[in-house]
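One structure below.
The values are calculated or read from the model by the stated rules, or taken from the named source; none is laboratory data. A quick note: this is a predicted structure, and the numbers were derived from the prediction, not measured. A quick note on method: Cβ atoms are made from the backbone with ideal geometry, for glycine too, and the neighbour counts reach across all protein chains shown. Side chains included, ligands, DNA and RNA excluded: accessible areas come from the protein's heavy atoms. Shrake-Rupley method; radii C 1.70, N 1.55, O 1.52, S 1.80 Å.
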Amino acid sequence: MTIAQVERDHRASIETTSETAPSVAPAGLRLRGVEKTFGKNRVLRGIDLFVPAGQFLAIVGKSGCGKSTLLRLLVGLDQQTGGTIAFEDGQGQEIAPNSRIVFQEPRLLPWFDVADNVGVGLGDGVARADARRRGEAALAEVQLSDKAKEWPSRLSGGQRQRVALARALVSRPGLLALDEPLGALDALTRISMQALLARVWQELGFTAVLVTHDVTEAVHLADRVIVLDEGRIIRDIAVPQPHPRHHGDASLAKIEGQLLEAILGER
Amino acid sequence: MSILDIQGPARTFGADKPKTFRLPKVDADRLLPFVVPVALVGLWQAGSSFGFISDRIMPSPLAVLSAFWQEAASGDLGHNILVSGARALAGLAVGGSIGFLLGIVNGLSRLSERLTDTTLQMVRTIPHLALIPLVILWFGIGEEAKLFLTALGVLFPVYLNTYHGVRNVDRDLIEMGRIYGMGRWSLFRKVIFPGALPSIFVGLRYALGIMWLTLIVSETIAASSGIGYMANNAREFMMTDIVVLALVIYALLGKLADVVARALERWALSWNPAYQR
Ligand SMILES: Nc1ncnc2c1ncn2[C@@H]1O[C@H](COP(=O)(O)OP(=O)(O)O)[C@@H](O)[C@H]1O
Ligand SMILES: [Mg+2]
């Protein structure tokens, strides 16, 4: 990949907000007939979806059903081949996209310490000292203040993913997309990271779209879960239970059952 | 722990007892690499002293040492070292910069890579020392000839490794930079250059070896100052001690360059677990 290509491609807008801002103006999402084809492969086949500002949406589905593709469209990493994607504020007014994405791999710069890595999330225009200071504030939100001067290579997998989360959140995006962010972590770390995600989402109030292959995780975290199958939404289930939720809750287990049935059954 | 301790640790004795004798604490592990060279020099000196090795063929280490004193005292040695060192650095600076820039540009730009890489790969296959006759015809035996050859020699290892370093930067990191709105310069400075740096250092250290090699050869063939000239001049007067002294100086300069490059590398790559202690 050349720099010129990189230049040509989409550049996510950088929202500069004060580091003291306790919460975010969450972005709502409106998708109309979104299509994505790679050559002859129709990966997304007409997605209609409205995500109200501040909602926590989870997307589940079989491997290869188009979850990552959809997420990349939402954050502008790729262009849809049909349909429209619009961002709006809580009042339904259209706003400029302001989103961030966290991947399964943390994608930290190994040659920057943790605070500088988080500072990357603020974009080019911010002076280094300022970026570090705000980076350290964001690290506190993910309970990693004591690692500000550490090299990423010295951190555990869970800690690295928390740094990636802090980097995504430091600019206070209205939408946070998460593509199997906990997929590479061990079961216990995953549970504590789920608690952290739930807490950060409640504190900062952004809209969250989480792709996961773990139905339990989806039901535990999200307000609403959609099931994707061959590029279509085949199920849309609300999870009304209040937060904090407990693992092993019977009503959640019931929803989980419905979801699994949808994913595995309908063909 | 040192294997040179004559007695066990001092604290096993009562506090009122006299201190046990100990050799100064030396890290035996650090000395180990020097055992063989020191033994060889000792054998060499013994061979010379007892007349097994003729002075014509190989002067004794002590003779080399005295040649060193003589040359150093007259100021010739210092002058020649400075001249050779300056030539080496100039060649490295010119060839290294060209190789580095070409590597960066070709690593980043498909157009430039298509345009120049094949040509560079073709030129690279010619041993640069084979150009000596031509270079002498072009430049005579002046400084330009040596600068040209040294620069040409270091250019390719620096080019190749810089190019590969840039090409192999983690694409996920480049995409990350793009997501976070990094501009061209920022992407280069924060992602591409540091990502390519380990490979660039490999090229640099390889280039240092070629730099000395080229300089030795070209100074021996065509020069009126420098270490290579000193050795070649001494050959005409059968002064084997000075010839060997020149070899020793080359070895020391080569080692010095490598030590500096390694230190620079350890400092610049301190983020890399491979360089952390
Ligand atoms: N850049 C691409 N080029 C071609 N095909 C792609 C590309 N990205 C994804 N696909 C195809 O799109 C389909 C869905 O992929 P993806 O969205 O990654 O699925 P998942 O639901 O597992 O995240 C797969 O068949 C994959 O091969
Ligand atoms: Mg995926």
Looking only at region B:146-168, which residues are among the charged types (D, E, K, R) and open to solvent by less than 30 Å² (accessible area, probe 1.4 Å)?
-> B:LYS146
Restricting attention to region A:182-214, which residues are within 16 Å of ligand 1 (Cβ to nearest atom) and more than 14 Å from every other protein chain (Cβ to nearest Cβ)?
-> A:LEU182, A:GLY183, A:VAL209, A:LEU210, A:VAL211, A:THR212, A:HIS213, A:ASP214
Filter region B:163-189 down to residues that are closer than 15 Å to B:PHE201 by Cβ and touching a Leu at 6+ places or on another chain (Cβ under 8 Å) and give me whichever is nearest to the other protein chains (Cβ to nearest Cβ).
-> B:VAL166
Hey, which of the strands (runs of 3 or more DSSP E) in region A:27-99, taking only ones fully inside, have at least 2 residues that are in contact with a Lys or Arg (Cβ under 7 Å, 6 or more places away or on another chain) and away from ligand 1 (no atom under 15 Å from the Cβ)?
-> A:41-51, A:82-88
Near pairs, Cβ below 6 angstrom, 6+ apart or cross-chain, from region A:148-163 (more than 14 Å from chain B (Cβ to nearest Cβ)) to any residue that is of a type in the set (S, T, N, Q) = A:GLY158/A:THR189
Determine whether region B:26-38 contains at least one residue that is of a type in the set (D, E, K, R), loosely packed, with under 12 Cβ neighbours inside 10 Å and not in a loop (DSSP other than H, G, I, E, B).
-> yes
Report yes if A:PHE103 is facing chain B (nearest Cβ under 9 Å), of a type in the set (A, V, I, L, M, F, W, C) and within 16 Å of ligand 1 (Cβ to nearest atom), otherwise no.
-> yes
Being closer than 15 Å to A:LEU29 by Cα and open to solvent by less than 10 Å² (accessible area, probe 1.4 Å) is the filter here, so list the residues in region A:61-72 that pass it.
-> A:LEU70, A:LEU71
Please go through region A:117-133 and pick out each residue that is at the interface with chain B (Cβ under 9 Å from one of its Cβ atoms) and either open to solvent by less than 20 Å² (accessible area, probe 1.4 Å) or modelled with pLDDT of 95 or more (or both).
-> A:VAL120, A:GLY121, A:LEU122, A:GLY123
Which residues, taken from region A:161-203, are basic (Lys, Arg) and surrounded by fewer than 16 Cβ atoms within 10 Å (Cβ to Cβ)?
-> A:ARG199
Region B:236-277, subset in a loop (DSSP other than H, G, I, E, B) and within 14 Å of chain A (Cβ to nearest Cβ), residue surrounded by the fewest Cβ atoms within 10 Å (Cβ to Cβ) = B:ARG277
Across region A:52-99, what is the total count of residues that are away from every other protein chain (no Cβ under 14 Å) and either within 14 Å of ligand 2 (Cβ to nearest atom) or over 18 Å from A:VAL34 (Cα atoms) (or both)?
-> 22
Filter result (buried (at least 19 other Cβ atoms within 10 Å of the Cβ) and in a loop (DSSP other than H, G, I, E, B)) within region A:215-261 = A:ALA222, A:GLY231, A:VAL239
